[in-house]
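Peer 1: Shown below is the structure under consideration.
The values are calculated or read from the model by the stated rules, or taken from the named source; none is laboratory data. Note that the structure is predicted; figures quoted are calculated from it, not measured. A quick note on method: Cβ atoms are made from the backbone with ideal geometry, for glycine too, and the neighbour counts reach across all protein chains shown. Each accessible area value is taken on the protein alone, full model and side chains, heavy atoms only, with ligands, DNA and RNA left out. Shrake-Rupley method; radii C 1.70, N 1.55, O 1.52, S 1.80 Å.
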Amino acid sequence: EIVFLDEIFKANGTILNTLLSILNERILHNAGVPWKVNLVMLFGASNEPPQEEELGAFFDRFPVRMLCDAVEENALENLLIAAHRRHYASELEGDSVQQVACINDFRLLHKMSLYKFGGVQPAEPVAGFTKTFLTVFRILRHEYGISDRSLSHFYRLARARALSEGRNTLLDNDCKVLYYCGKDVESARLLPTVVDSLLQ
């Protein structure tokens, strides 16, 4: 139900086509037989964004993109200590992770974020946010080539952000979810500053 795929853009065409079917339709075709996939969310990691044009549609299926920089020099000691403690715990105590949520929490959050702020049509209190959100998105779309496919994803993410902060209304600051729509490393570094300046 929750999947993590490493070096996802190094997969061959057959695997990528299979993944597209899973992402778009939640269907896996195995020997001509369609199987329903109970996928709730999928994370991917890559050392670099894809350069090939034919991977553009697949890349767009990962609209939220987090840039993970190398550990800073002054944090290396903390990294070593944390890694040692993790290794020690897994060797002596078993590989257990404290549960902080279950899959139904994510399903509930998804449903609430869809219906909490007006349901099918944005409610009146959301109208001001929607106008700001579309203005910022249009600018990023033209300046940074953000895909139209990601529009609804980030709108839903903004609603989830408000919900997770215990709010019943969307604020302009919820547009900050657009920090994470960069198509490459350069835009990923610039977007937080750009979005903040557009919200002033």
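Peer 1: What is the local net charge at Phe59, summed over the other residues whose Cβ is closer than 11 Å to its Cβ (Lys, Arg +1; Asp, Glu -1)?
Peer 2: Here the charged neighbours net out to -1.
Peer 1: Work out how much length Asn17 to Arg167 would gain on full extension: take 0.36 nm times their residue separation and subtract the Cα-Cα distance, in nm to one decimal.
Peer 2: Separation in residues times 0.36 nm, less the Cα-Cα distance, equals 50.1 nm.
Peer 1: For the chain, which span is the longest to avoid every loop-located (per DSSP) member of GluC sites (Glu not before Pro) having at most 15 other Cβ atoms inside 10 Å?
Peer 2: The segment 73-164 is the longest one with no such site.
Peer 1: Along the three principal axes, how long is the range 1-112 when you take its alpha carbons, biggest first, rounded to the nearest angstrom?
Peer 2: 49, 35, 33
Peer 1: So how do 42-50, 174-182 stack up, highest first, on mean other-Cβ count within 10 Å? Intermediate results must be reported in sequence, preceding the final value.
Peer 2: On the way: 42-50: 14.0, 174-182: 21.9.
Packing order, densest peptide first, comes out as 174-182, 42-50.
Peer 1: Which values, in whole Å and largest first, are the semi-axes of the equivalent ellipsoid of the range 127-200 obtained as the square root of 5 times each eigenvalue of the Cα gyration tensor?
Peer 2: They are 20, 12, 12 Å, listed from largest to smallest.
Peer 1: Say the dipole of the chain comes from +1 at the beta carbon of Lys and Arg and -1 at that of Asp and Glu; which of Asn168, Leu79, Gly13 then lies farthest toward its positive end?
Peer 2: After comparing all options, I get Asn168.
Peer 1: Within the chain, what whole-number % of the accessible surface is contributed by carbon and sulfur, with the 1.4 Å probe and all protein chains included in the calculation? Mind dumping the intermediate values first?
Peer 2: Numbers: 7430 of 13700 Å².
C and S fraction of accessible area: 54 percent.
Peer 1: Using only the alpha-carbon atoms, what does the chain span along each of its principal axes? Please give whole angstrom values in decreasing order.
Peer 2: 55, 53, 36
Peer 1: So, one more: Given Lys116/Lys176; Lys131/Lys176; Lys36/Lys183, which pairs have Cα atoms separated by over 24 Å?
Peer 2: On the way: Lys116/Lys176 20 Å; Lys131/Lys176 14 Å; Lys36/Lys183 31 Å.
From the list (Lys116/Lys176; Lys131/Lys176; Lys36/Lys183), the Cα-Cα distance tops 24 Å for Lys36/Lys183.
Peer 1: Same structure, new question: At 222 nm, what value in deg cm²/dmol follows for the chain if DSSP H runs of at least 4 each add -39500 (n - 2.57) and the sum is divided by all its residues, to the nearest 500?
Peer 2: One gets -16000 deg cm²/dmol as the mean residue ellipticity at 222 nm.
Peer 1: Here's something else I'd like to know. Please state the charge dipole magnitude for the chain, taken about the Cα centre, from unit charges on C-beta atoms (+1 on K and R, -1 on D and E), reported in debye and rounded to the nearest 20.
Peer 2: 1040 debye
Peer 1: What is the gain in length, in nm to one decimal, between Ile103 and Leu42 on full extension, counting 0.36 nm per residue of separation less the C-alpha to C-alpha distance?
Peer 2: Working: separation 61, 0.36 × 61 = 21.96 nm, distance 1.27 nm.
Computed gain between Ile103 and Leu42 is 20.7 nm.
Peer 1: Hey, another quick one. Quick one: how many Å² of His153 are accessible to a 1.4 Å probe, rounded to 10?
Peer 2: 70 Å²
Peer 1: Measuring with a 1.4 Å probe in the full set of protein chains, what accessible area per residue, in whole Å², belongs to the range 128-182?
Peer 2: That works out to 49 Å² per residue.
Peer 1: Can you work out the accessible area per residue across the range 23-79, with the rest of the protein chains kept in place, probe 1.4 Å, in square angstrom?
Peer 2: Details: 4360 Å² over 57 residues.
Here the per-residue accessible area is 76 Å².
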